[in-house]
Amino acid sequence: MDADTKDMESPIEVRKISMQGETEEVREAIELEHKLTLMDAVKLYPKAIMWSMYFSLGVIMLSFDPQLLGNLYAMPAFQKDFGYKFEDGYIISAPWQTGLSMGNPIGQVVGALFAAYPMEWYGRKRTFNVCVVAVAGLVFIQFFARSLKVLLVGELIGGLVLGMFVVIAPAYASEVTPLSMRSVATSYVNLCFVTGQLLGNGVTAATKELDTHWAYSIPFALQWFWVLIIIPGMYFAPESPWWLARQGRFEDAEASLRKLSSKKVNVKAVLAQIIETDRLETQMEAGSTYWDCFRKINWRRTEVAIGVYSTQVLCGIYLINYGTLFFNLAGLDTKQAYNMGIGFLAVGWVSTCLSWWLMAKFGRRPLYNSGLTIMTIIMFLVGILDVIHSSKGAVWAQVVLLLVWNFTFDWSVGPVAYAIFCEVSATRVRSKTIAVATAVQAMIGIVMTVAIPYLINPDQANLQGKLGFFFGGLSLPCLVWCYFRIPEMKDRTYEELDIMFERKVPTREFKKYKI
């Protein structure tokens with residue numbers, strides 16, 4: 001072969017060598033992903049864990065606001081300033097409770113669907129930063145509100161921005177952490193929800209005895225605390241390497257991976273895996289628009305994401321959000337009601353941490369289905385107790401059952417849902433799949449927000465514990481759906497999941513399927 005021929009063929013040979021090198025790097029990255037234990041991941045990716053937790057701080061603000069509002073309905077100073085005279089005290093009317101409480105879920109619907117656009121155009125980091133600054137300004141409306149109309153405006157506009165955090169946090173967490181850490185990082189979002197609710201209960205319990213506007217103004221003002229914590233890290237936070245790679249910014253993606261991992265990690269191999277997964281989804285014509293979430297190639301994945309997230313609402317979590325008012329109306333005095341509300345969320349916080357070990361040990365599907373089964377039985381027991389007994393002892397029995405329900409929710413349906421909908425979505429439409437699931441869940445939440453005040457208030461249906469029948473009944477079809485539709489995705493890379501969904505692997509064969 002002459003020299004000219006060698007020169008002509010050399011670019012092809014170079015390309016072959018390059019492709020072989022890329023293949024080896026992808027193989028190395030996949031093998032490392034499967035070998036890593038949880039503790040190995042903590043040692044190799046401590047900065048990724050830290051930044052994942054940082055981006056989840058916005059979720060604490062998101063959950064703090066509705067929990068705060070739900071508790072204010074049982075606060076004497078708030079009732080007096082915003083409510084009307086009823087029997088021996090004051091009460092916020094059911095229509096106004098509905099209107100105010102709808103601000104957050106309506107905001108989540110619009111905010112979640114809108115969030116996917118700036119997240120794709122400008123990245124996760126910039127979108128997060130703008131949302132934090134916007135929240136800092138919108139808290140002023142709530143803080144200075146002295147009428148229900150002004151407070152409603154603050155809740156609605158605030159909800160639009162806060163609703164974006166629930167899309168940003170899990171999407172970012174799923175894109176910066178390794179396989180063995182993925183369930184912990186994504187379900188940490190649930191811990192942030194519980195933390196925000198716990199703080200909302202704690203703050204209102206501390207200020208409930210005040211007889212001035214500071215009883216509710218102080219809790220509103222404390223939302224600025226989280227803004228002040230977040231601001232210092234805004235400039236230093238690394239962008240998602242998955243987003244950078246999809247923009248063709250491979251050098252920036254590699255630099256981001258270096259910021260997220262220790263020096264022992266071969267970031268070139270990790271980047272090669274990211275590029276390969278994106279290339280595979282492009283070849284599968286997965287697409288990256290909202291419409292692509294509902295196309296045949298992605299619909300099964302979108303359905304699972306919507307189903308697991310919506311079940312959180314249908315099985316009864318909104319009853320826990322109204323826990324303080326529920327206990328108060330059931331017969332506990334104001335102090336006992338607030339204390340039980342705090343106890344509920346403290347138990348939930350511990351239970352969420354327990355879920356991390358359970359997911360690593362047993363996977364997603366068994367935890368979700370077994371937890372939902374237990375919760376369904378408990379709800380029916382709560383309803384039965386309300387029918388056959390009306391004594392103080394029966395009330396405390398209901399409280400204990402709901403405490404067990406909440407504990408079960410936070411090691412199963414609560415945190416596991418976040419792991420599932422982050423893993424099940426294709427990487428090119430992850431933010432949009434999460435947004436669609438969030439919007440659907442929030443719309444169901446709107447229905448619950450409208451219904452619960454009328455079902456629970458003493459001047460309306462006054463169902464009290466009979467709500468157990470309502471949520472138990474809704475849980476049954478959810479349980480059937482979960483059994484047939486939720487696959488086991490533990491220890492699967494995103495590329496493996498793409499292949500399995502493309503091959504239409506049956507739900508119950510996911511765990512043992514070999515590629």
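The values are calculated or read from the model by the stated rules, or taken from the named source; none is laboratory data. Keep in mind that this is a model prediction, so the values were computed, not measured. Note that each Cβ is placed from the backbone with ideal geometry, even for glycine, and that neighbours are counted across all protein chains shown. The accessibility values were calculated without ligands, DNA or RNA, using every heavy atom of the protein model including side chains. Shrake-Rupley method; radii C 1.70, N 1.55, O 1.52, S 1.80 Å.
For the pair residue 53 and residue 213, the difference between a 0.36 nm per residue extended length and the Cα-Cα distance amounts to 54.2 nm. Using DSSP loop states and a limit of at most 10 other Cβ atoms within 10 Å to flag GluC sites (Glu not before Pro), what is the longest stretch of the chain containing no flagged site? Formally, the longest exposed-site-free interval is 286-515. Within the range 131-185, the trypsin sites (Lys or Arg not before Pro) that combine a DSSP coil assignment with at most 16 other C-beta atoms in a 10 angstrom radius are 146.
Over the range 44-238, all Cα pairs binned in 5 Å intervals from 0 give whole-percent P(r) values of 1, 8, 16, 20, 19, 14, 9, 6, 4, 2, 1, 0, 0, listed from short to long. Only lysines eight or more places from residue 208 in sequence, or on another chain, were considered; those with a Cα closer than 27 Å are 80, 85, 149, 335, 392. Other residues with beta-carbon under 12 Å from the beta-carbon of residue 216 carry, at +1 per Lys or Arg and -1 per Asp or Glu, a net charge of +1.
How big is the gap, in Å, between the Cα center of the range 160-231 and the Cα center of the range 264-321? Cα centres, the range 160-231 to the range 264-321: 24 Å. Near residue 378: Cβ cut-off under 14 Å, other residues only, Lys/Arg at +1 and Asp/Glu at -1. The net charge is -2. In order along the range 223-237, the phi-based Karplus estimate (6.51 cos²θ - 1.76 cosθ + 1.60, θ = phi - 60°) of 3J(HN,Hα) comes to 5, 5, 4, 5, 4, 5, 6, 6, 3, x, x, 4, 6, 8, 4 Hz; Gly and Pro are listed as x. Computed from Cα positions, the angle between helix 3-35 and the longest principal axis of the chain comes to roughly 30 degrees.
All C-alpha pair distances within the range 160-243, sorted into 10 Å bins from zero, spread as 14, 36, 31, 14, 5, 0 percent across the bins.
Computed 3J(HN,Hα) for the range 438-443, one whole-Hz value per residue from the Karplus formula 6.51 cos²θ - 1.76 cosθ + 1.60 where θ = phi - 60°, is 5, 5, 5, 4, 5, 5, glycine and proline marked x. For residue 434, the solvent-accessible surface with a 1.4 Å probe is about 0 Å², rounded to the nearest 10. As I understand it, the dipole of the chain uses +1 on the Cβ of Lys and Arg and -1 on the Cβ of Asp and Glu, about the Cα centre. Which of 302, 84, 184 lies farthest toward its positive end? Of 302, 84, 184, it is 84.
Against the criterion of solvent-accessible heavy-atom surface with a 1.4 angstrom probe, 88, 252 sort, most first, into 88, 252. Which angle between 0 and 90 degrees, to the nearest 10, do you get for helix 365-388 versus the longest principal axis of the chain when only C-alpha atoms count? Roughly 10 degrees, rounded to the nearest 10.
Given (1) 104, 45, 39; (2) 79, 46, 37; (3) 58, 57, 51 as candidate values of Cα extents along the principal axes in Å, which corresponds to the one derived from the coordinates? Here the calculated entry is (1). Among the listed pairs 47/264; 47/361; 490/512, those whose Cα-Cα separation exceeds 20 Å are 47/361.
Computed from backbone phi, the HN-Hα couplings of the range 257-273 come to 4, 5, 6, 8, 10, 7, 5, 6, 7, 7, 5, 5, 5, 4, 5, 4, 5 Hz, rounded to whole numbers (Karplus: 6.51 cos²θ - 1.76 cosθ + 1.60, θ = phi - 60°; Gly and Pro given as x). For the range 285-514, the Kirkwood estimate of hydrodynamic radius, built from reciprocal distances between every pair of different alpha carbons, is 18.6 Å. Partners of residue 296 within straight-line reach, counting lysines whose Cα lies under 20 Å from its Cα and excluding those fewer than 8 residues away in the same chain: 432, 504. Taking the C-alpha atoms only, the angle from helix 334-362 to the longest principal axis of the chain is near 20 degrees. In the context of the full set of protein chains, the range 413-510 has a per residue accessible area of 31 Å² (1.4 Å probe). The chymotrypsin sites (Phe, Trp or Tyr not before Pro) of the range 219-297 that meet both conditions, a loop assignment by DSSP and at most 16 other Cβ atoms within 10 Å of the site Cβ, are 235, 236, 294. The per residue volume of the convex hull around the alpha-carbon atoms of the range 125-272 is 123 Å³. In summary, the lysines within cross-link reach of residue 268, defined as a Cα separation below 16 angstrom excluding same-chain residues under 8 places away, comprise 259. Between residue 229 and residue 339, the FRET efficiency estimated from the beta carbon spacing at R0 = 25 angstrom works out to 0.35. Split the accessible area of the chain by element, probe 1.4 Å, and carbon with sulfur accounts for 66%.
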